[in-house]
1. Could you order A:Leu270, B:Leu52, A:Leu178 so the one with the most accessible surface comes first? Probe is 1.4 Å.
2. Suppose every Lys and Arg Cβ carries +1 and every Asp and Glu Cβ carries -1, with no other charges. What dipole size does chain B come out with about its Cα centre, to the nearest 20 debye?
3. How many angstrom lie between the Cα centre of region A:429-450 and the Cα centre of region B:630-687?
4. Suppose we compare each residue of region A:386-425 in its chain alone and in the full protein complex with a 1.4 Å probe; which ones drop by at least 40 Å² of accessible area?
5. If the viscosity is 0.692 mPa s and the temperature 37 °C, what translational diffusion coefficient in µm²/s does Stokes-Einstein give for chain B when Rh comes from Kirkwood over Cα pairs?
6. If each DSSP helix of 4+ residues adds -39,500 (n - 2.57) and the sum is divided by the residues in chain A, what number results at 222 nm, nearest 500 deg cm²/dmol?
7. Considering only protein heavy atoms, what is the solvent-accessible area of B:His682 at a probe of 1.4 Å, reported in Å² to the nearest 10?
8. Working out 0.36 nm times the residue gap between B:Ile218 and B:Val600, then minus their Cα-Cα distance, what length gain in nm do you get to one decimal?
Amino acid sequence: MTASGWLQIGLLLVLLTGITPLLGGYIHRVFGGERVLLTHALGPAERRLSALLAGREPAGQDWKGYAGSVLMFSAVCWLALFLILRTQSIQPFNPQGFRSGPWDLSFNTASSLVSNTGWQFYAGDTTLSNFAQMAGIAVNGFLSAAVGVATGIAVARGFANRSGKELGNFWVDLTRALLYVLLPLAIVGSVFLVSEGAIQTLAGNVHLSTLAGGSQTLALGPVASQKAIMLLGSAGAGFYAVNSTIPFEDPSGVANFVQVLMILAIPAALTATYGRMVGNRRQGWALYAVMLAMFLGAAAVAYPAESRPSPAMRAAGAHGLNMEGKEQRLQASDSTLMAVAATAVGNGSTNAALDSFTGLGGSIPMANMMTGEVIFGSVGSGLFGMLLMVLLAVFVAGLMVGRTPEYLGKRIEAREIKLVTIGAIAVPLIVLFMTAWAISTRYGMRSIFNAGPQGFSETLYTYTSQANNNGSAFAGYVGFSQPHAPGNVGAAGVTFADLAGGAAMLVGRFLPMLAALAVAGSLSGKRTIAAGEGTMRTDTAVFAVLLLATISIVALLTFVPALMLGPLVQALTPRLF
Amino acid sequence: MNRRPRVGVIRVEIILPALASAAGKLRPTRMMHNPVMFTVEVGATLTTLLWLAQVTGASVGGTSGDPTWFTASIAGWLWLTAYFGNLAEAVAEGRGKAQADALRGMRTDTPARLRDGTTKSSAELLPGDLVEVLAGELIPGDGTIVEGIASVDEAAVTGESAPVVRAAGGDRSAVTGGTRVLSDRIVVEITQHPGESFLDRMIALVEGAQRRKTPNEIALGILLAGLTLIFLSVVITLRPFAGFAHTAISIATLIALLVALAPTTIGALLSAIGIAGMDRLVARNVLALSGRAVEAAGDVNLLMLDKTGTITLGNRQATAFIPMPGTEERELADAAQLASLADETPEGRSIVILAKRYGLRERELGDAGAHFVPFTAETRMSGVDLDGHELRKGAGDAIVDHVQRRSGRVPAELDRELGRIAGDGGTPLAVCRDEVVLGVIDLRDILKEGIHRRFEELRRMGVKTVMITGDNPRTAAAIAHEAGVDDFLAEATPERKLALIRQRQSEGRIVAMTGDGTNDAPALAQADVGVAMNSGTQAAREAGNMVDLDSDPTKLIEIVEVGKQLLITRGALTTFSIANDVAKYFAILPAVFVATYASVGAGNGPLGRLNVMSLGSPRSAILSAIVYNALIIPTLVPLALRGVRYRPLGASALLYRNLAIYGLGGLIAPFVGIKLIDLLLHGVLGA
């Protein structure tokens, strides 16, 4: 631990808290249809795109209509991406002459990008053409993020609506999310990353001789542009399989810090957008405070844990920080911060090998995801995921003050609780059963590299990451085997891992999303009860603590046995596994 | 208020039958309605089968070397857990039954004499039948008096021994089956179908026979089922998880873990809490016609209270004599008393009584040529002609009129005093002798004792109050101010009352009100909680969703408290139940994984270090958790039946307090409980 490491965490906190109301206010104006700085430049494009998707007079949709559009759009995206991955051999911009992906791997990859997960069983730099990277992966990085933002806004509208059942028009929201939020920020972000030294090219690979006398191939490509949207939009799929550990993607300490900020920016800003939408900014700040507190708590555990020697280092008699699997160019705090940020947000960008973290340090990324990706979370889905948890906390606490529980003056009744329960338990159930399936059958065992707690952690992490649409990996769990051969001859997917993971990502994305939209539909226009002394306030410190406790207890009660058999057993013993 | 004697929480004559009926409730078809407790029963059955297999020596997988006593103990305590849950419900129902039996005794079959001369059994009466009831007879069914007037003993339903007057027409025409006519003769038109009478409904309510789950109870049930589903998944997947770590977990242990984690505490007590909530209302002589109404009462944030009888004592009373210049105060008191001697209204009586403070005894003036002049709507005065003098008292302008007609002088002070008293919320009466204005009597509404503090409490609970009165706005404002209500409706009519309720509801208020007259019926129906006075008309009783047998409008405040208490008890025990799980994990998981990944030669693996309670042995740890889990249910039964104590605090303070007690307490209590049980099981019994 160093002072500069803590300082970096402190600076991040200050900057993020400063950006949140600014960006959040901007997003609020964009989706309210108000004029913003970019309206003059983008207005015509917006009208044309919106007219194309939604018609000239876009009608408001109720939750079913909105959900239908989301599903239809995502299905089309999925199919298009799947086809691109499967027809790579006939595509342009393929200097390496890569073959098309195996069907099972392509299923996993398409599900990964469309569900805004960014899980990489595939190795981007050694299997995908530049065309597939740009038209397939990067485009879906934009589209799935836009779907997330639009849905988050729609759910917030349902919570805010005093009358009517309409949550907005999906196609209009999608257009606005793309044009006004994601594209401009991604352009700024790419230019910044290029200025720091990230690469952006359509040239082929570079072959060179190393100092040791061997030969090496360096894959090049449109890295910066893809990196920017993957950070901003929570998908997190890097150009390279190794993600931010390569200097081409994460060129400097400053770039690393800004990347962390980019990961957190939109999910954090949406809390401020929400506060403005419901007409009480404190409501938004309460959510932000809970997210930030959990984020800092995770950093406060992981950073000291990673500042100690790992068991392997101890066995070898080494001292100092655990730098195994970390970028030697960066500090331990850089790696830890990125890991905490990328798992808290459903992002999955990493600049370190998480499986080399210490037991305690490694449990934090997992625990972050196990909260259901509500610590900032993915763009949009972090917000509605958090709102589901809010309703859960409101329900239990509301009873304790002797009133039918209400949130924003709206009663939380059986229908809402049913939907919240579905939305909140679906993902944990997927994680538990998929992991159990994988470690107890020979189909699943094929993918597991290590034995003992490390092997268990790899598997648990894989399904936690996929079902929660995070996308970061613990390494060691494989869904793709790739012999070293030109053009990837002989590469094959691991069918069980690819299909199980793909299904986990799709269900983990869309089931909670439907539940959240349904809750929003149910709350929209519900009779509001005037607030008074007897109303439990949801914008106070007491409630924030309660919300934090609810999220932690639900996650802990569900996952403590699993965590004990994985990272915790390693944290409790100096033994090597 | 005459309260039905409250049935104590734990009494032998309730416990004994409950012990038996709790066992009968273990029927799976009945248990299925409560997913949490059904899970317990299925677990208990499986463990029992496992034990039987072990005993008979059949080879069964999944015991992982558990000794038979361990499997048997787990099975036994799981059955006890399910049984305790049923016992809680049975005890709650038993308390209701005791009250129901008393009521049923009154539902004797009485022959009803129809007006057309025929006779039929009271059980066969149909709506529209006209029945004649004479003094000394029981009224055979619920209905409305269409002819006659009678005094009726309603002690059977209200517990109030003083007879009440019931008469055809007006707001006092409803009668209840099972009550007794004490004098005169009435003709009653039956309004209820057989078996649906007030008494029948009351019996069904207190027995909990027709109890339907209330909206919040349903929502909570869904949440608890969801939690149980999660824990079921945790336990099912734990076996393969542990298998990967080469650790075998027996089925009995897994089932024990599931039951320990499932929210059995609240699952077991949920229905008892609901029944007891109804019961607490019945104990206050209030009949809620549905559980939904009780919950709605907890949500109320606006009370509409009638001024008379709720905020003020029944009638105005004279509080001061204010003489005009040139008149002695005693002289005015004397004149006022004389003018009121024949006035039998409560106001008149209070003037006579106040005058006694001036040493004036009540006098008999029947002789001496006294001539009493009664009040008429035309003169708006009353008084007495005595010794050639005309003493009059009456409304200010009536007296002024009277004096001026006799060319008397009206002092300037009169107008000032009249205005001042009216402005303060009083009612001024002027007194004159012949053409001389003597002074003014100040009649005032007397606030009920402690009413101001009560409203203060309500405000802290977040409940605002609106006073309803027929007074003019000026008087109403003064009384409202004095009583400390938040708002008032002056010159109220039923229509304006209804309009006000609608308006407040559209502003997001949950409104409660009381009423008794037929013209209150629309407002009672519109209000979220409408409490009809039992003394009121049948129409009012039908329109409200609660009936107050004591006809005491102040009780609205208690009803709100009972409603809140019901919800708080549920929320508090849910929080307690879930918070308990943390300690149970600390007891069971280290026990299960004690040998996992242990170094060769070492007995305990790394996870054994999590045995923070240093429980004696793995099996003792698991058993202790299960025993705690079972015993906590009967321990909390009295709390569930009594309800968590309600304090009139704001929501934030209440949340903070209950979180500290039931959240934090729920985290700590099981650590202590499980450790103590372990000391007994391991230290004494050697488990």
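1. Accessible-area ranking of A:Leu270, B:Leu52, A:Leu178, largest first: B:Leu52, A:Leu178, A:Leu270.
2. 3320
3. 39
4. Flagged in region A:386-425: A:Phe395, A:Val396, A:Leu399, A:Met400, A:Val401, A:Gly402, A:Arg403, A:Thr404, A:Arg411, A:Ala414, A:Thr421, A:Ile425.
5. 109
6. Helix contribution divided over all residues of chain A: -19500 deg cm²/dmol.
7. 70
8. Separation in residues times 0.36 nm, less the Cα-Cα distance, equals 132.3 nm.
The values are calculated or read from the model by the stated rules, or taken from the named source; none is laboratory data. This one's a predicted model, so the numbers in the text were calculated from it and none came from an experiment. Using ideal geometry, Cβ is built from the backbone for each residue, glycine included, and neighbour counts are taken over all protein chains shown. The protein model used for the area step is the full one, side chains on, heavy atoms only, and it has no ligands, DNA or RNA in it. Shrake-Rupley method; radii C 1.70, N 1.55, O 1.52, S 1.80 Å.
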